[in-house]
Amino acid sequence: MNVTERILVVDDEEIIRDSISFILKKEGFTVVVAENGKVAYQKLLEEPFDIIISDLEMPEMKGIELLEKSIQLNPQAAFIIVTAYGSLETAIAALRAGASDYILKPVEFDELLVKIRRLLEEKKLQVENQLLRRQLHREADFSNLTGKSQPMQRVFETITKVCRTDSTVLITGKSGTGKELVAKAIHYNSGRCEKPFITVNCGAIPETLIESELFGHKKGAFTGAVADRIGYFKAAVGGTLFLDEISEMPLSLQVKLLRAIEQKEITPVGMSVGVPIDVRFIAATNRDLRREVAEGRFREDLYYRLNVVEIKLPSLAERKEDIPLLVEHFVDKFRRDMRKQIRGVDSPAMQMLLQHEWKGEIRELENIIERAVIFCLGEFITPIDLPEFFHAGVSIEALEGFPSLDAAMNNLERQYILAELEKNQFNKEQTAKTLKISLPTLYRRLKDLQIPLRS
């Protein structure tokens, strides 16, 4: 058993100190002993410990004082009090002061080992939760909202202002522009960041279930309600509820949502008494809610309540200068995920990415780069790594920006050959026949144009 946890055993009775130390060392722990609280405190100053096992009544420094000093030095260290039955009240006071657990004399070693392993497991879970929280913060910080364009700078400025408040936010923009990323950035940079971020896709829940899913229900409220359900609103208490595709919410429920936002109160299905909630609301839509209101599909009062602050996300067509930054971001993400040595995207491939009409917005760009990283065999993603539809047509813009006619024509020839290679599933002989050139000529052009020679 490879145990690396360090334990400090503190007791003025040598027989207790040595017997606990012997058992723990036998279990594979690293153990340090101290004969009183003062010596133990000096050892705590010199090195950290995962667990401290200490008697309460000791000369020089009592266990309670050592506990207080230990918490100041290392709050993460678990502290187990060892006490006689007659000092049980003092042990309870120690628990209130921050001790993790206590054990009575005479010490039952099996019981002590159970308590130690439980505390170590709890500490492991705490560390994992902290790491997960940090990862969530990293995934939801501003680095994932890549962009130097003016429209994106305005978005960043608005996020910075609204994340300090609890105001309701409406995020608008085409599908794939990153609305959920913005919602997460607001939440994880707000005072609610330690509390839940709950996402509800209003268009993905059947209309017959959406009220129960959102507000919860009591057991027996309807056929199939075999147990109480808290619902998304209660699940998000203290944190943020992100209502995606808010335009899909049925009119019958919009009035209840309005009441929940205004009064901070919900009424679960099957109950007549309201339940208070502390939730921050962020909504998102890819539709024009003003038009939805004008055409009677969305409540005007709810629209104005949601639209305290609107964040309008620009399309890629409105922020073309951000495409190279986004490409770099996604290449970096997927090369790390796939452990591939890819340095970036070559110039012809980048030209094709810049000229593409991104109907699926950032989501489509991310998918294209993921695919390109999968297929890329060299250091740089080239046009050959992009889907076939990228080679379907070459516009006159593809010839712009080159220093000479030869360079422009080479780029055009490269794209044409790449398109034919893809059509022929990279069969060189068939491609040569299609191009009406000899196989050696094709190989020479592949080399001259720096097209990877795939098998």
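Read-outs: derived from the displayed coordinates by stated rules, not from any lab. Quick caveat, the model's predicted, so the values are computed rather than measured. Cβ sites come from the backbone with ideal geometry, for glycine too, and all protein chains shown count toward neighbours.
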Residue order, fewest to most surrounding Cβ atoms within 10 angstrom, among Cys376, Cys202, Cys193: Cys193, Cys202, Cys376
Only Lys, Arg (+1) and Asp, Glu (-1) charged, at Cβ; the chain dipole about Cα centre in debye: 1300 debye
Label point 7 Å beyond Cα of Lys161 along Cβ direction - residues of the stretch 298-335 with amide nitrogen under 16 Å: 307-313
Kirkwood Rh and Cα Rg combined as Rg/Rh, the chain: 1.14
Gain in span if fully extended, Arg291 to Ser175, counting 0.36 nm per residue against the direct Cα distance: 40.0 nm
Size of charge dipole - the stretch 318-448 - debye, nearest 20, with Cβ of Lys, Arg +1 and Asp, Glu -1, no other charges: 620 debye
Debye log10 I(q)/I(0) for the stretch 318-448, one point scatterer per Cα, at q = 0.12, 0.15, 0.20 Å⁻¹: -0.49, -0.76, -1.24
In nm, spacing of pseudo-spin labels at Lys340 and Gln42 (7 Å Cα→C-beta vector): 6.0 nm
Relative contact order for the chain, counting Cα pairs under 8 Å that sit 6 or more residues apart, in percent: 10 percent
Leading residue at positive end of dipole, the chain (Cβ point charges), from Val114, Phe79, Val269: Val269
Nearest-0.05 FRET efficiency for Lys433 and Thr4, computed from C-beta distance (R0 51 Å): 0.20
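Dividing the convex hull volume of the alpha carbon atoms of the stretch 142-314 by its residue count, what do you get in Å³ per residue?
Considering the Cα atoms of the stretch 142-314, their hull volume per residue is 113 Å³.
Helix check for the chain. Which DSSP H runs span at least 24 Å along their own axis by Cα, with a mean Kyte-Doolittle hydropathy no less than -0.5?
Membrane-span-like by this criterion, though nothing is claimed about a membrane: 405-423.
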Label zone at Glu111, where the point sits 7 Å out along the Cα-to-Cβ direction: the stretch 10-30 residues whose backbone N lies under 16 Å: 20
Calculated FRET efficiency for the pair Leu95/Arg118, C-beta based, R₀ 22 Å, to 0.05: 0.90
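Rounded to the nearest 5, what % of the DSSP beta bridges within the chain are antiparallel ones? Show your work: numbers first, answer last.
Numbers: 3 of 41 bridges.
The antiparallel fraction comes to roughly 5 percent.
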Net length gained if the chain between Lys264 and Glu364 were fully extended (0.36 nm per residue, minus Cα distance): 32.2 nm
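At a 10 Å Cβ-Cβ cut-off, how would you order Asp101, Asp288, fewest neighbours first?
Least to most surrounded, the residues fall as Asp288, Asp101.
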Spin-label pair Gln76/Glu310, simplified geometry with 7 Å Cα→Cβ offset, distance in nm: 4.7 nm
Orientation-averaged projected area, Cα convex hull of the stretch 1-116 (nm²): 6.4 nm²
Which of Val10, Val293 has the fewest Cβ neighbours within 10 Å, and the rest in rising order: Val293, Val10
Restraint check, Lys26/Lys115; Lys333/Lys428; Lys179/Lys219; Lys161/Lys256, Cα-Cα greater than 25 Å: Lys333/Lys428; Lys179/Lys219; Lys161/Lys256
